[in-house]
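The values are calculated or read from the model by the stated rules, or taken from the named source; none is laboratory data. All of these numbers come straight from a predicted model, not from anything done at the bench. For neighbour counting, all protein chains shown are included, and Cβ atoms are generated from backbone atoms with ideal geometry for every residue, glycine included. Surface areas here come from the heavy atoms of the whole protein model, side chains and all, with no ligands, DNA or RNA. Shrake-Rupley method; radii C 1.70, N 1.55, O 1.52, S 1.80 Å.
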Amino acid sequence: MMDTTPQDGMRHCGAVSPLRGRLTRAVMHPATLLVLVAVLLGAPAVSSTATIQILAFALVSTIFAQSLLVLTGLAGQISLGHAAFFGMGAYGSALLTKTLGLSLLLSIPAATVAGALAAYLLSFPAGRVREVYLAMMTLGFGQIFFEVAREWTSLTGGVSGFSGIPSASLRTLSVLGMNLDEGDFFRVLVVVAAGVLIFVRNLSQSRFGRALCAIHHSEYAAGSVGIARGRARQFAYAISGGLAGLAGVFYAHLVGYIGPDSFGISRSVEVLVISIVGGLLSSAGQVVSAVFFAFLPERLQAFAEYQYIVYGLILAFSLIVLPKGLGGLLFSPPRFVRPRALRDAGRRHAEGARPLPVEEGAESLSVRDVTMRFGGLTALDSVSLEIRAGHITGLVGPNGSGKSTLVNVISGIYKPTGGTIALGSRDVTGLADYQMASHGVVRTFQDPRLIPHFTVRENLMLGAHRSLGYGWIEAALALPGARAAEVRELERCNAILALLELEGIADAVVESLPYGHRRMAELGRMLLAEPRILMLDEPAAGLTDVEMVRLATVITRLKGMGLSLLLIEHHMDFLASLVDDVVVLDSGRIIYRGDMKGMRENAEVIGAYLGDEAAGHA
Ligand code: ADP
Ligand code: MG
């Protein structure tokens, strides 16, 4: 029973130790963080200038590393050219403040937007390639920036660099008429870095963070809940480029002098090393790592020319010994739902436990003469069928007969070679999977596709991606609208967890769970996606008898709510207890349609499938 839907890789992470849990709660406690910020704000009064300078570099690296947390940690996009966005921020602010004499208050947003815009533009070619090719493309992009910075002498000062950038150490940096000393500048940096950490945390724990994890771990799962992958990727690039640009602004005004060598490949590698050693998904780990790497060069002064060799060794060591970095060692794994929202929702169920509003009445879906060819193989040969509103249509047939392919075609993963698909009276042939999902055409996969490091609840919340609906600024600032929407959907999630009897494992990380639970969790996710047409690809495979009974109850309830269901199953008794009619596929052709009783007596079906099944399952 092979799943022929194209595979997208899954990754794994381990369990949480209680000690790490306690440390994380202590460190992440708002009071601890406030004390930490207060200590840092007071530091310039008591520390040496040299220490403050190093801490300032650590904060710049922290902001820079957060940009990779978003792009690589969340969205899974590799970049070896991030120094370019950092450089755009640095040169941008240098030009605006020194050459044009503008205020830092203007140059900060302007340079951040420049980084974001450049990264957004890069996302279009980058979105077309993957992995090694993406690494090469970003590397090339970084190199182009480096060359431009070196050759465009009139703008950047070329190899001799850009000097005299307003900086606190030279007392040439003023904001609103106030001249900033190094302590003041450091305090500004503390506030900005804290803001960036909160911004990224809020985003991670919103529909955006979850969507980026989804496109990272399973593109098809993302599409199945209505996430437009391309747009999500562009968003990740823009946010990441903006944060890198912001880090670059502070770097420029911290050092007062920039040259192309500050923005070459070694800078891109350095920030990648800091992020990976800290833990690609761990903000707290990245802070620790940034501080470590800021103080390291001083300790390594004896072998300054070997600095990058030492970095390389640390990276190799970290990848082998700490695959999740310092963050994974010290803190519990990051979560993707706000703890506050979770508390607010509590165990409350959505109004009247109405998990599935079938809006504006039910609809049926009709497939007309659909043909699907893969090269020389005809997987579907002029298939027509109707998934009627309020009915359960069974779809059976031997392995390889085209059942999953039909679901893949209807759900928009494949564009059919011929034929049409209509939802009600609307022609939806050839729409992409995320567009079909947004029309309420929703499916589960033969092999459940969940985000392995998400909890069951977080996976379900992925299904609420569309209905959550709030924008990224609301998410990043945790505005009341976004928070209320999260609580509302968490309550709906509670209702569905109860319906599927998954409450006991709601907060368990999915990869630690047995197969049956994963199947039910995926079903839960699709229910949160507000289906009107629901297609289940062998949902009972791997379930225990108890789970199968529960599944049957749920399917009956869904039918009662007016949903249109397509059910692929090999368990004949399970099917017989549920379906209204059944369609039998053999080698891509429909050989029977009608009721179960007739099917069991049909000679062609017995020859092609049931005889086979009886032998296979005896
Ligand atoms: P079923 O779900 O009924 O077991 P499938 O729909 O998975 O069968 O497969 C039907 C046929 O189509 C099989 O021969 C399978 O190998 C082929 N097939 C499915 N997807 C692809 C694909 N992406 N590329 C090539 N062949 C495919
Ligand atoms: Mg199949």
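No solvent, one uniform scatterer per C-alpha: report log10 I(q)/I(0) for the chain via the Debye equation at q = 0.07, 0.08 1/Å, two decimals.
-0.51, -0.64
Size of the dipole of the stretch 304-443 about the Cα centre, Lys and Arg at +1 and Asp and Glu at -1 on the beta carbon, nothing else charged, in debye to 20?
560 debye
Taking all pairs of different Cα atoms in the stretch 8-336, averaging 1/r and flipping that mean, what Kirkwood radius in angstroms comes out?
The answer is 20.1 Å.
Can you figure out the FRET efficiency of A552 with A50, using R₀ = 56 Å and their beta-carbon distance, to the nearest 0.05?
So the FRET efficiency works out to roughly 0.20.
On a straight-distance basis, which aspartates and glutamates could pair with K597 in a cross-link, Cα separation under 19 angstrom, same-chain partners fewer than 8 positions away excluded?
Of all the aspartates and glutamates, those that pass the test against K597 - Cα under 19 Å, at least 8 places apart if same chain - are E569, D573, D580, D581, D586, D612, E613.
With only Lys, Arg, Asp and Glu charged, each at its Cβ (+1 for the first two, -1 for the last two), find how big the charge dipole of the chain is about the Cα centre; round to the nearest 20 debye.
1380 debye
Taking the Cα atoms of the stretch 74-211, report the difference between the largest and smallest coordinate on each principal axis, in whole Å and largest first.
Projected onto its principal axes, the Cα set of the stretch 74-211 covers 47, 40, 19 Å.
Rounded to the nearest 20 Debye, what is the dipole magnitude of the stretch 8-336 about its Cα centre when Lys and Arg each give +1 and Asp and Glu each give -1 at the C-beta?
1060 debye
For helix 131-151, what angle does its Cα long axis make with the longest principal axis of the chain, in degrees from 0 to 90 and rounded to 10?
Around 30 degrees separate the two axes.
Which of the trypsin sites (Lys or Arg not before Pro) found in the stretch 382-477 are loop residues per DSSP with 15 or fewer other Cβ atoms within 10 Å of their Cβ?
Answer in residue order: no site qualifies.
Would you mind checking the tilt of helix 30-46 against the longest principal axis of the Cα atoms of the chain, expressed as 0 to 90 degrees and rounded to 10?
For helix 30-46, the angle is close to 20 degrees.
Counting each pair of different Cα atoms once, what's the Kirkwood radius of the stretch 358-500 in Å, rounded to one decimal?
Result for the stretch 358-500, one decimal place: 17.5 Å.
Averaged over every viewing direction, what's the projected area of the C-alpha convex hull for the stretch 522-584? Give it in nm², one decimal, please.
Hull-based average projected area comes out at 4.2 nm².
Could you tell me which trypsin sites (Lys or Arg not before Pro) in the stretch 104-212 are loop residues by DSSP with no more than 14 other beta carbons within 10 angstrom of their beta carbon?
The qualifying sites are R128, R130, R171.
What residue among T5, V190, S318 has its Cα farthest toward the positive end of the dipole of the chain, where the charges are +1 on Lys, Arg and -1 on Asp, Glu, each on the Cβ?
Among T5, V190, S318, the one farthest towards the positive end of the dipole of the chain is V190.
So, with a 1.4 angstrom probe, what is the percent of accessible area on the stretch 8-336 that is carbon and sulfur?
70 percent
Could you give P(r) for the stretch 106-174, binned at 10 Å from zero, as whole percent values over all Cα-Cα pairs?
Once binned at 10 Å, the Cα pair distances of the stretch 106-174 give 17, 32, 34, 14, 3.
How big, on average over all directions, is the shadow cast by the Cα convex hull of the stretch 218-292, in nm²?
6.6 nm²
Can you tell which of S268, L96, M436 lies farthest toward the positive end of the dipole of the chain, using +1 and -1 charges on the Cβ of basic and acidic side chains (Lys, Arg; Asp, Glu)?
So the residue furthest toward the plus end is L96.
Putting +1 on Lys and Arg Cβ atoms and -1 on Asp and Glu Cβ atoms, find which of L499, L528, A541 reaches farthest to the positive end of the dipole of the stretch 494-545.
Selected residue: L528.
Can you give me the accessible area per residue for the chain, using a 1.4 Å probe, in Å²?
Result: 41 Å² per residue.
To the nearest 500 deg cm²/dmol, what mean residue ellipticity at 222 nm is calculated for the chain from DSSP H runs of n ≥ 4 alone, each contributing -39,500 (n - 2.57), summed and divided by the residues?
When only DSSP H runs of four or more count, the value is -17000 deg cm²/dmol.
Give the calculated FRET efficiency between D427 and L329 to the nearest 0.05, with a Förster radius of 51 Å applied to their Cβ-Cβ distance.
Using R0 = 51 Å, I get an efficiency of 0.40.
Label-point separation (nm) for S174 and D580, each offset 7 Å from Cα along Cα-to-Cβ?
Those two pseudo-labels are separated by 7.8 nm.
If we count GluC sites (Glu not before Pro) as exposed when they sit in a DSSP loop and have at most 13 other beta carbons within 10 Å, what is the longest stretch of the chain that avoids them all?
1-358
Nearest 5 percent is fine: what portion of the DSSP beta bridges confined to the chain is antiparallel?
60 percent
Compute the angle between helix 265-278 and the longest alpha-carbon principal axis of the chain, please, reported from 0 to 90 degrees and rounded to the nearest 10.
Between helix and principal axis, roughly 60 degrees.
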